[in-house]
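Participant: One structure follows; several queries about it will come next.
The values are calculated or read from the model by the stated rules, or taken from the named source; none is laboratory data. Treat the numbers as computed from the prediction; the structure is a model and nothing was measured. Note: ideal-geometry Cβ built from the backbone for every residue, glycine included; neighbour counts use all protein chains shown.
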């Protein structure tokens, strides 16, 4: 009887320590999560985008969630307890346009139907690309589309260009074939795709320990992604519903640093201007935004 009670208590402790992580199952940025060795203490919850991941984090369905810095900023205005605990990936976006629509340069987007995903890093990237040509979003006909819908819309001629992350940019390029023009500017924006949690989760010692263990595993999987490219791509492809060929073609547009970059506060400050405009409010100070970054979990994981 006593042995049975001990087993029950051990199982209960394990159940209490389990953490749930909402992970975007459509992006290459999620590679370090999907490549991480599975353990009973971690349950991955695949979701279609960063907005869905953050929604689950805010309503308490999960303990951590992946997403761009844009989503952390948008949601932290209402929930200041959001914390960025690790940058999983850095990625560059592209604008893919139709040559037959007269697009050769960013300047040619004026008056064209340009798709991006509203209130996301996709829209932020479009605004920054337009800025390089002295254009504003009001100078184009903005079309709100989800990434997976962009290649078909572009091929049908419903839109003239799309501004999006991978693999949707590559899929859009291939959908147009010789009619495609690829507009890129690496100085405009490099997405920081992060693992986010909340101060509430961090104050739960059992969940904190489970997060530390998970981050240790992510550090290993990120090193694997950097050093074993082919193996990583083969393993990742079915997890995000993309072909190995497509991932291979865009892999060099990603980095998997598994750290908290020194320039992350500055990036948050830049993107905050866009987020504040979307939410019709004043931008927060860079000092207040720095509080969204919590390096404690990463520091513990590296010990």
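Participant: Kindly evaluate residue 249 against the criterion of being at pLDDT 95 or above, farther than 30 Å from residue 85 by Cβ, surrounded by fewer than 16 Cβ atoms within 10 Å (Cβ to Cβ) and assigned by TED's automatic domain parsing to the domain that holds residue 56.
Facilitator: Values: at pLDDT 95 or above: yes; farther than 30 Å from residue 85 by Cβ: yes; surrounded by fewer than 16 Cβ atoms within 10 Å (Cβ to Cβ): yes; assigned by TED's automatic domain parsing to the domain that holds residue 56: yes.
So residue 249 passes the test.
Participant: Check residue 26 against each of (1) in a strand (DSSP E or B); (2) touching a helix residue (DSSP H, G or I) at 6+ places or on another chain (Cβ under 7 Å); (3) surrounded by fewer than 24 Cβ atoms within 10 Å (Cβ to Cβ) and name the one condition it does not meet.
Facilitator: (1)
Participant: With 175, 169, 163, 153 as the choices, which residue is surrounded by fewer than 22 Cβ atoms within 10 Å (Cβ to Cβ), in contact with a strand residue (DSSP E or B) (Cβ under 8 Å, 6 or more places away or on another chain), under 24 Å from residue 117 (Cα atoms) and not assigned by TED's automatic domain parsing to the domain that holds residue 62?
Facilitator: So the residue among 175, 169, 163, 153 that is surrounded by fewer than 22 Cβ atoms within 10 Å (Cβ to Cβ), in contact with a strand residue (DSSP E or B) (Cβ under 8 Å, 6 or more places away or on another chain), under 24 Å from residue 117 (Cα atoms) and not assigned by TED's automatic domain parsing to the domain that holds residue 62 is 153.
Participant: Counting only residues that are part of a loop (DSSP other than H, G, I, E, B) and in contact with a strand residue (DSSP E or B) (Cβ under 8 Å, 6 or more places away or on another chain), how many does the range 223-257 have?
Facilitator: 2
Participant: Go through the range 187-233 and give me each residue that's without any contact (Cβ under 8 Å) to a residue 24 or more places away in the chain and in contact with a helix residue (DSSP H, G or I) (Cβ under 6 Å, 6 or more places away or on another chain).
Facilitator: Passing the criteria: only 233.
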